[in-house]
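Chemist: Structure in structure tokens, see below.
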Amino acid sequence: SFIGEESVAAGQGSILTDNPTWIIDPIDGTTNFVHRFPFVAVSIGFVVNKKIEFGIVYSCIEDKMYTARKGKGAFCNGQKLQVSGQEDITKSLLVTELGSNRDPETIKIILSNMERLLSIPIHG
């Protein structure tokens, strides 16, 4: 099976089943792309039994290929990645994305979540 982000965004429904499924977003960061903001990628995931098996993200502008496989770790251009050992949230950087849905109820939820996040004593 295939699930494409662009077709879902256009209103086509999709149901994730237990069948092996490719999930593809050919322009991940469409709004960035439209505005020539250089954070755009091609994102591909492969799911079996509704569980991700591996994913590939190619950051086009940076020419970086991120890969990850369940139980095998994550890599950038073949070099192993690992998470930071930082446990102090006050030294963390919070990054968020608001999405494009401007439905009043969705905006209310997003702003409520942002309020909770902004009350955390983070570095930036």
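The values are calculated or read from the model by the stated rules, or taken from the named source; none is laboratory data. Predicted model only: the values in this text are computed from it and were never measured. Please note: Cβ atoms are built from the backbone with ideal geometry, for glycine as well, and neighbour counts cover all protein chains shown. All accessible areas refer to the heavy atoms of the entire protein, side chains included, with ligands and DNA or RNA removed. Shrake-Rupley method; radii C 1.70, N 1.55, O 1.52, S 1.80 Å.
Chemist: Would you confirm, using the coordinates I've provided, whether Phe75 is at pLDDT 90 or above, farther than 20 Å from Glu5 by Cα and touching a strand residue (DSSP E or B) at 6+ places or on another chain (Cβ under 8 Å)? Show your work before the answer.
Modeler: Numbers: at pLDDT 90 or above: yes; farther than 20 Å from Glu5 by Cα: yes; touching a strand residue (DSSP E or B) at 6+ places or on another chain (Cβ under 8 Å): yes.
Yes, satisfied.
Chemist: Give the residues of the stretch 4-26 that are part of a strand (DSSP E or B) and at pLDDT below 90, sorted by residue number.
Modeler: The one that is part of a strand (DSSP E or B) and at pLDDT below 90: Gly4.
Chemist: Here is a check on your reading of the model: is Ser100 in contact with a helix residue (DSSP H, G or I) (Cβ under 8 Å, 6 or more places away or on another chain), closer than 30 Å to His123 by Cβ, in contact (Cβ under 8 Å) with a residue 24 or more places away in the chain and of a type in the set (S, T, N, Q)?
Modeler: Yes; evaluated as a whole, the condition is true for this residue.
Chemist: Having 2 or more residues that are surrounded by 11 or more Cβ atoms within 10 Å (Cβ to Cβ) is the bar; report the strands (runs of 3 or more DSSP E) wholly within the stretch 31-120 that clear it. Show your work before the answer.
Modeler: Numbers: elements: 41-48, 51-59, 64-69, 73-76, 79-81.
Correct list: 41-48, 51-59, 64-69, 73-76.
Chemist: Taking interchain pairs and intrachain pairs at least six residues apart, which have beta carbon atoms under 6 angstrom, with the first residue in the stretch 19-40 and at negative phi and the second open to solvent by 60 Å² or more (accessible area, probe 1.4 Å) and outside any strand (DSSP E or B)?
Modeler: Qualifying pairs under 6 Å: Asn19/Ser1; Thr21/Ser1; Asp25/Glu5; Ile27/Phe33; Asn32/Phe39; Pro38/Ile61; Val40/Phe33.
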